[in-house]
Amino acid sequence: MNVHKNARLTPSGRVLLVQRIEQGWSVRCAAGSAGVSERTAHRWLGRYRAGDR
């Protein structure tokens, strides 16, 4: 997977974000911890759940 130079999350960071949400963290807290917006966190969560990792 290509990661552009301004990407806030690497593939492993995306997995950590999703794992935190699935462990019970709120999307807001997980997004804040990862340094991304809630919208971005929801986007990665949706992609993960759709199997588009």
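Restricting attention to the range 15-53, which residues are part of a helix (DSSP H, G or I) and hydroxyl-bearing (Ser, Thr, Tyr)?
Of all residues in the range 15-53, those part of a helix (DSSP H, G or I) come to 15-22, 27-34, 38-49.
Ser33, Thr40, Tyr48, listed by residue number.
Please specify each residue of the range 41-52 satisfying the condition of being touching a helix residue (DSSP H, G or I) at 6+ places or on another chain (Cβ under 7 Å) and modelled with pLDDT under 95.
Trp44, Tyr48
State whether the residues of the range 23-36 include one that is open to solvent by less than 100 Å² (accessible area, probe 1.4 Å), touching a helix residue (DSSP H, G or I) at 6+ places or on another chain (Cβ under 8 Å) and charged (D, E, K, R).
Scanning the range 23-36 turns up no residue that is open to solvent by less than 100 Å² (accessible area, probe 1.4 Å), touching a helix residue (DSSP H, G or I) at 6+ places or on another chain (Cβ under 8 Å) and charged (D, E, K, R).
Condition check: in contact (Cβ under 8 Å) with a residue 24 or more places away in the chain and open to solvent by less than 60 Å² (accessible area, probe 1.4 Å). Does Arg14 satisfy that?
Answer is yes for this residue.
Given Ala7, Ala41, which one is crowded, with 17+ Cβ neighbours inside 10 Å, on the phi < 0 side of the Ramachandran plot and of a type in the set (Gly, Ala, Ser)?
Details: Ala7 fails: crowded, with 17+ Cβ neighbours inside 10 Å.
Matching residue, one of Ala7, Ala41: Ala41.
Being touching a residue at least 24 places away in the same chain (Cβ under 8 Å) and within 9 Å of the chain's Cα centre (by Cα) is the filter here, so list the residues in the range 22-43 that pass it.
Ala34, Val36, Thr40, Ala41, listed by residue number.
The values are calculated or read from the model by the stated rules, or taken from the named source; none is laboratory data. Bear in mind the structure is a predicted one, so any value in this text is a computation, not a measurement. Note: ideal-geometry Cβ built from the backbone for every residue, glycine included; neighbour counts use all protein chains shown. Ligands, DNA and RNA are stripped out before the accessible areas are found, and what is left, the full protein with its side chains, is counted by its heavy atoms. Shrake-Rupley method; radii C 1.70, N 1.55, O 1.52, S 1.80 Å.
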